[in-house]
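First the structure, in the form of structure tokens, and then the observations on it.
The values are calculated or read from the model by the stated rules, or taken from the named source; none is laboratory data. Note that the coordinates shown come from a computational prediction; the quantities given were computed from them, not determined experimentally. Every residue, glycine among them, receives a Cβ derived from its backbone with ideal geometry; neighbour counts consider all protein chains shown.
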Amino acid sequence: MISLSDVRVARENIVQVVNTTPILQSAQLSNICGNRVFLKAEHLQKTGAFKIRGAANKVKQVVEKGATFVTAASSGNHGQAVAYIANMLGIRATIVVPDDVIQSKLAAIQAYHGGIEKCGLTSSERLPRAEQLASEEGGVVVPPYDDPLIIAGQGTIGLELLDQLDEIDIVVVPIGGGGLISGILTAIKEIKPSVKIIGVEPEIANDTYMSLQNGAITSIPPTGTIADGLRATQPGSLTFPIVQHYVDDIVLVSEEQIKYAMRFVLERTKQLIEPSSAVTVAAAIYDKIGARQKNIVCVISGGNVDLSQLAKLV
């Protein structure tokens with residue numbers, strides 16, 4: 001497992017790349033939830049999501065070791081982040097995307113001068129192709145979550161939270177492959193173990209929840225949840241032991257609850273967030289956390305919404 005020192009090193013490594021994102025509040029949201037609710041606004045991060053933290057930490061270090069080409073398998077935020085940091089550092093990047101990639105996400109990757117290769121419909125098809133491209137051209141694959149440098153980069157959010165808020169009782173974090181929550185767990189639990197960390201998954205994408213229940217990594221079938229950033233079919237081999245060791249609870253939210261939370265944030269705070277981010281707000285609104293009069297931080301992981309689908313989502 002990574003350590004707190006790894007997260008602190010990552011913070012120094014990416015400080016010139018990433019933004020320190022703000023903490024937002026909504027009095028109406030707090031009143032509805034019966035708690036003081038804070039939103040950690042990673043949707044206002046560069047590339048529109050937290051993914052740039054881990055990608056920057058990984059790519060900067062491989063470039064220092066001489067890499068001139070990186071690849072990634074991604075349909076969205078991770079691919080954008082890898083393309084952004086590769087372009088910033090002056091190296092090539094190719095992102096392997098699904099055949100049915102959303103046009104807005106494709107355009108975002110290309111805007112950062114990332115190369116595009118389409119391959120299949122699932123991550124199990126894309127990842128081997130990304131690895132093959134890296135092998136053929138002497139490059140490095142940048143994994144989306146199951147990598148120590150990626151996890152440490154995402155953990156810098158936890159350090160920021162402890163700097164920004166004096167009193168935190170609970171931090172609520174979305175779970176896909178587990179890179180975000182495992183990094184935040186490492187940072188916060190090693191500094192202030194009294195803070196509870198609760199993970200959230202969609203009911204129909206509950207691989208980490210099931211893995212925790214079973215005491216071992218458990219796979220689920222591919223899912224069509226609207227929270228497209230949380231569609232992992234199993235947690236990572238590096239992320240799951242951290243979650244298993246530190247997490248206080250994992251809760252589940254329905255598709256309708258995710259939609260309502262996304263719409264609520266848009267209407268009341270004028271912030272457009274992804275369904276994958278809205279799961280944390282849904283957990284707070286629908287009393288999945290089981291707390292009253294506590295200081296709760298909902299991590300808003302990203303805001304890259306396909307605008308053509310916005311009406312359907314809200």
Legend entry - Which listed residue, of Gln28, Gln80, Gln45, is in contact (Cβ under 8 Å) with a residue 24 or more places away in the chain, farther than 28 Å from Arg231 by Cβ and among the polar types (S, T, N, Q): Gln28
Legend entry - Enumerated strands (runs of 3 or more DSSP E) restricted to region 1-77, each holding at least 3 residues that are outside the structural domain of Arg292 (by TED's automatic domain parsing): 69-73
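Residue-by-condition table, conditions (1) surrounded by fewer than 24 Cβ atoms within 10 Å (Cβ to Cβ); (2) within 19 Å of the chain's Cα centre (by Cα); (3) closer than 30 Å to Tyr286 by Cα:
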| site | (1), (2), (3) |
| --- | --- |
| Arg11 | yes, yes, no |
| Ser26 | yes, no, yes |
| Val37 | no, no, yes |
| Leu44 | yes, yes, yes |
| Gly54 | no, yes, no |
Inset, instruction - Restricting attention to region 31-44, report how many residues are closer than 30 Å to Asp146 by Cβ and touching a strand residue (DSSP E or B) at 6+ places or on another chain (Cβ under 8 Å). - result: 6
Inset, instruction - Scan region 291-314 residue by residue and report those that are in a loop (DSSP other than H, G, I, E, B) and under 20 Å from Gln25 (Cα atoms). - result: Ala291, Arg292, Gln293, Lys294, Ser301, Gly303
Legend entry - Hits in region 107-139 - residues which are closer than 24 Å to Ala67 by Cα, out of contact with any helix residue (DSSP H, G or I) (no Cβ under 6 Å at 6 or more places or on another chain) and assigned to a loop (DSSP other than H, G, I, E, B): Glu137, Gly138, Gly139
Inset, instruction - Could you please let me know if Ile175 is closer than 25 Å to Val15 by Cβ, within 16 Å of the chain's Cα centre (by Cα) and of a type in the set (Val, Ile, Thr)? - result: no
Inset, instruction - May I ask you to verify whether Thr20 is more than 30 Å from Asn295 (Cα to Cα) and in contact (Cβ under 8 Å) with a residue 12 or more places away in the chain? - result: no
Inset, instruction - Among what's in region 95-148 and is of a type in the set (Val, Ile, Thr) and over 28 Å from Val9 (Cα atoms), pick the residue that is surrounded by the most Cβ atoms within 10 Å (Cβ to Cβ). - result: Val96
Inset, instruction - For region 57-94, name all the residues that are in contact with a Gly (Cβ under 6 Å, 6 or more places away or on another chain), under 19 Å from Ile116 (Cβ atoms), buried (at least 19 other Cβ atoms within 10 Å of the Cβ) and not hydroxyl-bearing (Ser, Thr, Tyr). - result: Val70, Ala72, Asn77, Ala83, Ala93
Inset, instruction - Tell me, please, whether a residue that is of a type in the set (Asp, Glu) and touching a residue at least 60 places away in the same chain (Cβ under 8 Å) can be found in region 181-192. - result: yes
Inset, instruction - Determine, yes or no, whether Ser104 is modelled with pLDDT under 95 and either among the hydrophobic types (A, V, I, L, M, F, W, C) or in a loop (DSSP other than H, G, I, E, B) (or both). - result: no
